[in-house]
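Q: Quick one: the structure is below, questions incoming.
The values are calculated or read from the model by the stated rules, or taken from the named source; none is laboratory data. None of these values were measured; they are calculated from a predicted model. Quick reminder, even Gly has a Cβ in these numbers, built from the backbone with ideal geometry, and neighbours come from all protein chains shown. Each accessible area value is taken on the protein alone, full model and side chains, heavy atoms only, with ligands, DNA and RNA left out. Shrake-Rupley method; radii C 1.70, N 1.55, O 1.52, S 1.80 Å.
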Amino acid sequence: MTGITDLCHPETVRVAASHQAEARQIAAELAAIARSGMVLPGSITERRTRCGHRSCACRADPPRLHGPYWQWTRKVAARTICRWLSPDQHHDYQAWIDNDRRLRQLLARLETLGAAALEADPRWQHKPRAAPAGTRQTSP
Ligand SMILES: [Zn+2]
């Protein structure tokens, strides 16, 4: 016994071979990113700023703004949290942000495959039974 439950229940729902192949590719890429541990939510933004000194070049016309500075921004409990990064940190952590985006893309693709499998379920061909009392049923 492997201790791993078969989550796909192939006896009731068939997954198309092309779907399985793509899911395996997605799983391999997800695992590679997860193994790296290099995942960071949010985004890193380049900022250029003005200071408070009237005679500074940042107030000239045209202005020469200070920076660039790098800001990591993310949401925590519906609040936006920011933190300044050094140029080195920006260089290193941008790849982590990119990995997080890729994880979300891969999960979205898996969900799309799952939704397509559900839509292709041959049981949709049968006339739907009456919806349970108190519910609405949408037809495909
Ligand atoms: Zn200035």
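Q: Mind telling me which of the residues R54, R47, R74 ends up being open to solvent by 70 Å² or more (accessible area, probe 1.4 Å) and either within 30 Å of A27 (Cα to Cα) or in a loop (DSSP other than H, G, I, E, B) (or both)?
A: Details: R47 fails: either within 30 Å of A27 (Cα to Cα) or in a loop (DSSP other than H, G, I, E, B) (or both); R74 fails: open to solvent by 70 Å² or more (accessible area, probe 1.4 Å).
After ruling out the rest, the residue left standing is R54.
Q: Oh, and also: Could you check S86 against (1) of a type in the set (G, A, S); (2) more than 13 Å from the ligand (Cβ to nearest atom); (3) open to solvent by 60 Å² or more (accessible area, probe 1.4 Å); (4) over 23 Å from R102 (Cβ atoms) and say which number it fails?
A: Every condition holds for S86 apart from (3).
Q: Now a separate question. Across segment 28-54, what is the total count of residues that are over 17 Å from the mean Cα position of the chain (by Cα) and among the small types (G, A, S)?
A: Adding up the residues that qualify gives 1.
Q: Just to verify a result, which residue in segment 114-123, among those that are under 13 Å from R14 (Cβ atoms) and either of a type outside the set (G, A, S) or in contact with a strand residue (DSSP E or B) (Cβ under 8 Å, 6 or more places away or on another chain) (or both), is most open to solvent (accessible area, probe 1.4 Å)?
A: Applying the filter and picking the extreme gives R123.
Conditions tested, residue by residue: (1) more than 30 Å from W124 (Cα to Cα); (2) modelled with pLDDT of 95 or more; (3) not in a loop (DSSP other than H, G, I, E, B).
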| position | (1), (2), (3) |
| --- | --- |
| S18 | no, no, yes |
| A23 | no, no, yes |
| A31 | yes, yes, yes |
| D100 | yes, yes, yes |
| L106 | no, yes, yes |
